[in-house]
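Reviewing the structure listed below.
The values are calculated or read from the model by the stated rules, or taken from the named source; none is laboratory data. None of the values given here were measured: they were computed from a predicted structure. Backbone-built Cβ (ideal geometry, glycine too); neighbour counts: all protein chains shown. To get the accessible areas, we keep the full protein, side chains included, count just its heavy atoms, and leave off ligands, DNA and RNA. Shrake-Rupley method; radii C 1.70, N 1.55, O 1.52, S 1.80 Å.
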Amino acid sequence: MSPFSALRVAGLLARRGVAVNISVRAAHGHEISKQEDMSLPMYWDRKDTPLPDIPFQKALTADQQSLKQKELGSWKNLSEEEKIALYRLAFNQTFAEMKKPTQEWKTVVGGVLIFIGLTGLVVWWQRVFVLPPQPHTLKEDWLAAQAKRMIDMRINPVEGFSSSWDYEKNQWKK
Amino acid sequence: MAHPSQLGFQDAASPVMEELLHFHDHTLMIVFLISTLVLYIIVAMVSTKLTNKYVLDSQEIEIVWTVLPAVILILIALPSLRILYLMDEINDPHLTIKAMGHQWYWSYEYTDYEDLGFDSYMIPTQDLAPGQFRLLEADHRMVVPMESPIRVLVSAEDVLHSWAVPALGIKMDAVPGRLNQTAFITSRPGVYYGQCSEICGANHSFMPIVVEAVPLEHFENWSSLMLEES
């Protein structure tokens, strides 16, 4: 096939919302599910676009058609069940059903905590088996001598370290 | 130096660093305000019960959120430029010191009056006296007279280094073949630590800078001693 006719076929197929490789898959004996025609109005339940372009049930049985006829008259003549039936013809879910909370957050939080726990396990294992010993300057007696030296040297005396030391009473400020 | 787990700046030891601290406070406040506002808007958007959320255009808010950021940027730029020009003012240094970066130590030359030069190597961790600061102490400090304007000419003998002392608000790249000038005045006596700030090889983390600001007589005694030693 020439490149131009292949492009035309692809263009036509794309407008119908059908991927070109669908025909290839079918030719190889794979199942294909029904493709949505994206150029026609679609129905969907969304809180922020509350009135879809088309009703939910397009094909009506005889009973449903007679109900639709009754809807054309005064709504005072409709019973409660008929009103609900008409609603269900036009819409799939009610707002209450759309807004109903799922339990998905529990799965997410649980998964996150599990992975944090696994990471903690890895970190602990690294500390025991991989990392070298800490420098001796992090021992308590060294840190104490270091702090004394920092105070004697007036390190950060304005708002920092040494500003918390009371030089008159030789202790930390209360 | 910083105390362990310190998050903020060290206390300023020079007037320029004081200005930088105040500028940082000012700018950070603006950043916090904007972040809080954005976070609030995000939470409000996510938790609203309203279903009609998509307004397609609105001239008034578009004008507001274009003009307001421009105004905020000007409010940040003006103090910033003020400090930039402050740092560049003509000063009359009492002393000029050359700080030369090597792999992996600094050398200082005081050649205004006599020919004084010495190397400054980091004290290795195993050789520290109790209480000394790991990776920060040097065997010879750059001693300067306090409260005097000092000019530092920074350069390098091999690869790029950078001479940085955060408490003085100084960082100047040491480029081989180039003289970079910076100046400072210490507001108070003390010892100020810094570290090499440009990757320069295996021991880049192990060539610290130590500036010691002392009264003039002490500086004169020190320089006589150093001259005798060399």
With a 26 Å threshold on alpha-carbon distance, the violating pairs from A:LYS58/A:LYS106; B:LYS98/B:LYS171; A:LYS139/B:LYS98; A:LYS83/B:LYS53; A:LYS148/A:LYS169; A:LYS76/A:LYS99 are A:LYS58/A:LYS106; A:LYS139/B:LYS98; A:LYS83/B:LYS53; A:LYS76/A:LYS99
Can you list the HN-Hα couplings for region B:197-209, worked out from phi with the Karplus curve (6.51, -1.76, 1.60; θ = phi - 60°), rounded to whole Hz and with x for Gly and Pro? 10, 9, 4, 9, x, 4, 9, 4, 7, 10, 9, x, 10
Which residue, A:ALA144, A:ALA26, A:ALA59, has the most motion in a Gaussian network model of chain A that connects Cα atoms within less than 10 Å? A:ALA144
Taking all pairs of distinct alpha-carbon atoms in region B:15-87, Kirkwood radius in angstrom: 15.1
Value of relative contact order over region B:47-174, rounded to a whole percent, pairs C-alpha under 8 Å and six or more apart: 22
At R0 = 41 Å the Cβ-Cβ FRET efficiency linking A:SER164 and A:THR107, nearest 0.05, sits at 0.30
With θ set to phi - 60°, apply the Karplus curve 6.51 cos²θ - 1.76 cosθ + 1.60 along region B:128-141 and write out the HN-Hα couplings as whole Hz, x wherever there is a Gly or Pro. 6, 7, x, x, 6, 8, 4, 6, 10, 6, 10, 6, 10, 8
If I take every Cα pair under 8 Å that is 6 or more residues apart in chain B, average their sequence separation and divide by the length, what percent do I get for the relative contact order? 21
Check which residues have an amide H placed less than 5 Å from B:ALA138's amide H, if you skip close sequence neighbours. B:ILE123
Taking only protein heavy atoms into account and a 1.4 Å probe, give the accessible area per residue of chain B in Å². 60
If I build a Gaussian network model for chain A, linking alpha-carbon pairs within less than 10 angstrom, which residue out of A:ASP63, A:ASP152, A:ASP53 has the largest mean-square fluctuation? A:ASP152
Would you mind checking which residues have amide H under 5 Å from B:PHE133's amide H? H placed 1.01 Å from N; only 5 or more apart, or other chain. none
Once amide hydrogens are built 1.01 Å from N within the peptide plane, the residues lying 5 or more places from B:THR186 or on another chain with amide H under 5 Å from its amide H are B:GLU147, B:SER148
Report the label-to-label distance for B:THR66 and B:THR48 in nanometres (one decimal), using points 7 Å from each Cα along the Cα→Cβ vector. 2.3
For chain B, set up a Gaussian network in which alpha carbons nearer than 10 Å are linked by springs, and say which option among B:LEU95, B:LEU168, B:LEU50 fluctuates the most. B:LEU50
Taking the Cβ-Cβ separation of A:ASP63 and A:GLU31 as r and a Förster radius of 30 Å, what is the calculated FRET efficiency to the nearest 0.05? 0.30
Computed from the beta carbon distance with a Förster radius of 25 Å, FRET efficiency for B:GLN132 and A:TRP125 to the nearest 0.05 stands at 0.15
